[in-house]
Structure formats: structure tokens, C-alpha cells
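Here's the structure we're looking at; comments come further down.
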Amino acid sequence: TLSLHDALPIYPFYHSTLDKFLLVFGNGKMTGGDAKFFVSHKKGEIAEWRDEINSPDKDRKKDAVKKVIAAMTVGKDVSMLFADVVNCMQTDNVELKKLVYLYLINYAKNQPDLAILAVNTFVKDTQDPNPLIRALAVRTMGCIRVDKITEYLCDPLQRALVDEDPYVRKTAAICVAKLFDINPELVQDRGFLRQLQELLADSNPMVVANAVAALAEVQGTSYGTHGSFALEPNTVNKLLAALNECTEWGQVFILESISSYSPNNDSQAESIIERVTPRLQHANCAVVLSAVKVIVSQLECIRQSDVVSQAVRKLAPPLVTLLSAESEIQFVALRNINLVI
């Protein structure tokens, strides 16, 4: 439900099931060994896979689940193996657990009564010593749009939002936005929006960026609470401080949020422009255009003509530079140039 693929490069946020499958098997690239799982099989393969999934041999079990995921990826219905695949959740093998979670995301909505069987393992995984497992469990529970499971997500999610590991916290921030899309009343009643706002002061810049993205997503819905993402001067300073250490898409989220902020005085507007100006030299055109948006919005609050003219002169070169990119970016750049003019 969110356009956060680049901010969180983990499988549930990729566009297609094939991308998810490839990412599990090795950084988005299918090797020759993995290709065998996409080969057509003979009749009776479902029964064979069931036997292999229930095999005590761990390698055989993992290969069987890979075959099931591969079949699911190319559009074959393997929902009849739901109970067997769910039984594989209780494993120490992270790769196998990712595969099972991927299967659950695709079939849990069609099998809500059986999906509830996975809840205990989900809750247990949210308290696993490995932060990758904790984050994976929270993320998957947020991606499974089943009301019966959503009820069990709240307590683990509240723990994840204050987890000691920043990877878990940043994952939990996005999960709040997903939960809000499913049940906005529940999110407000359990105080998740307040916890998101507290994450804006987090020491990790990616946690801050994801909290900003989640709050912006909530604010953009028809159910969003008015003022749930109201920026204060101290918050803006913290966002600007996180800007330098974020990924490029984290910077976009932060810049977009700052662009709607109205400074209290000229000096604050000048300070924001000064700290955002270096983003005009960024290699990512989205960061450049977001920085332009912030600067133009802040210029409206500045009365000194010399400060305005100096800032405006800095806008032209990066915008013109974008015209050497591909045609789609040229079109966006020209539209923005037209707006600035």
C-alpha cells in the first residue's frame, strides 16, 4: 500500500512476486542453480512436494518450499499446501523462514482460518534474538491483510517501535502505516501515531526517514487525523540533521515533509535553505527536485530581495543539468522550470 520500495529493499515491498523470489535467492539475481525450480514438473507434483515439505531432511524441505514458491511465482495455485508450508515456519533457517513468509503473504487472505495457525510463531519471532527475524515477522504481519491476525499485531508492533535495533524500529514505522490502512481506528486508539512522532527524534537517520514517510502516508489518507504530522521548529532541525546521513529516498521523504513547513521568521527560512542547498548537487533527480521544492517554498517567507536573488541563482544550474537526462526526466524538469519561472 506504500511506495516505499527503495527505502526498504526487503522482499515484501517489491512490485512482483518474481522479484521477491529472486531477492530471497541472492540479491535479486537468479543463478543457474535457482533456475531449476522454475522447470515444469510431472503430474502428482503437489503430492511429491507435500512429502518433501514434511521430510525431516532440512535441505530437502527447503528445496521443496522453493519449488512451491517458484510455482506460485509463475501463477500456479499451490494454496492446497498452506498447512504444510506453515508448519515450516518454526525453523532456524532464515532463508526458509523468508520463503514461508512470502507464501503466507500471498495466500493468507484466501485462507484466513488457517492463517491464524501462524500467529503464535509470528509473535514468537518478534521476540527472537536476531533483529532480522524480529523485523521480518513484524513486516510480514503488516503485509497480511487479515483482520484476525491484525488483532495480534498491536503488542509486537509496539515493542518493535522501541526495539534496541534501528533496523527493527524502521521496519515497525512502515508497519504502522500499513496497519493504519487496514484499521485506522485501531492505530489511533493504541497510540501508534504518537509513537511515530517520537521516532522523529530517533538517533538513526533511516528510522527518522521511515517515520516521516509513515506519518506522511497517514496524513495523506481521508482518515488521517488533522495535524497528526504538524512540524515544530525542533522537529525540523532534527529532520535536517538526519538529512545528511539518509539514503537518497529517505532524503526525498524528509524534504517533502519540510516543504510544507512554514517558518516562524526570515532567519529560520534562510537556515533551512542553507542546509538544503547541498542537495541540489545530488545524483538522484528526485532529491534535486525535492530540494528545489523546499527552497521555493521557503523563499516565499523571506522579504530581503538580495537573499532571494542569491538563492534563486542557485536553482538554475541543477534544473538545467536535468535536461541532459532521459526524456522522462527532461519532461519533469521542464515542468518544474516552468513553475519556477
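The values are calculated or read from the model by the stated rules, or taken from the named source; none is laboratory data. On a predicted model such as this, the values are computed, not experimentally measured, just so you know. Glycine also receives a Cβ, built like all others from the backbone with ideal geometry; neighbour counts cover every protein chain displayed. With ligands, DNA and RNA removed, areas are computed over all heavy atoms of the protein, side chains included. Shrake-Rupley method; radii C 1.70, N 1.55, O 1.52, S 1.80 Å.
As a calculated quantity, the FRET efficiency between Val307 and Ser262 at R0 = 22 Å, using C-beta atoms, amounts to about 0.80. When nucleic acids and ligands are ignored and a 1.4 Å probe is applied, Arg169 ends up with an accessible area of around 30 Å². Extension gain, Glu300 to Leu323, is 5.7 nm, computed as 0.36 nm per intervening residue step minus the present C-alpha separation. How much of the calculated P(r) for the stretch 229-341 lies past 26 Å, in percent of all Cα pairs? Of all Cα-Cα pairs in the stretch 229-341, 15 percent lie more than 26 Å apart.
Each label point was placed 7 Å from the Cα along the Cα-to-Cβ direction; for Cys154 and Glu45 their separation is 4.4 nm. In this label model, Ser271 and Ala201 are separated by 1.7 nm, measuring between points 7 Å along each Cα→Cβ vector.
Using 0.36 nm per residue, how much length does the chain from Val332 to Lys76 gain when fully extended, once their Cα-Cα distance is taken away?
Values: separation 256, 0.36 × 256 = 92.16 nm, distance 3.99 nm.
Answer, rounded to one decimal: 88.2 nm.
Multiplying the residue separation of Ser55 and Glu164 by 0.36 nm and subtracting their alpha-carbon distance yields 35.6 nm. In terms of distances greater than 29 angstrom between alpha carbons, the cross-link table entries Lys178/Lys238; Lys76/Lys178; Lys170/Lys314; Lys58/Lys148 yield Lys170/Lys314; Lys58/Lys148. Listed by chain and number, the aspartates and glutamates whose C-alpha is less than 16 Å from the C-alpha of Lys66, apart from same-chain residues fewer than 8 away, are Asp19, Asp34, Glu45, Glu48, Asp51, Glu52, Asp57, Asp77, Asp84, Glu95. Averaging Cα coordinates gives a centre for the stretch 321-339 and one for the stretch 274-303; these two points are 16 Å apart.
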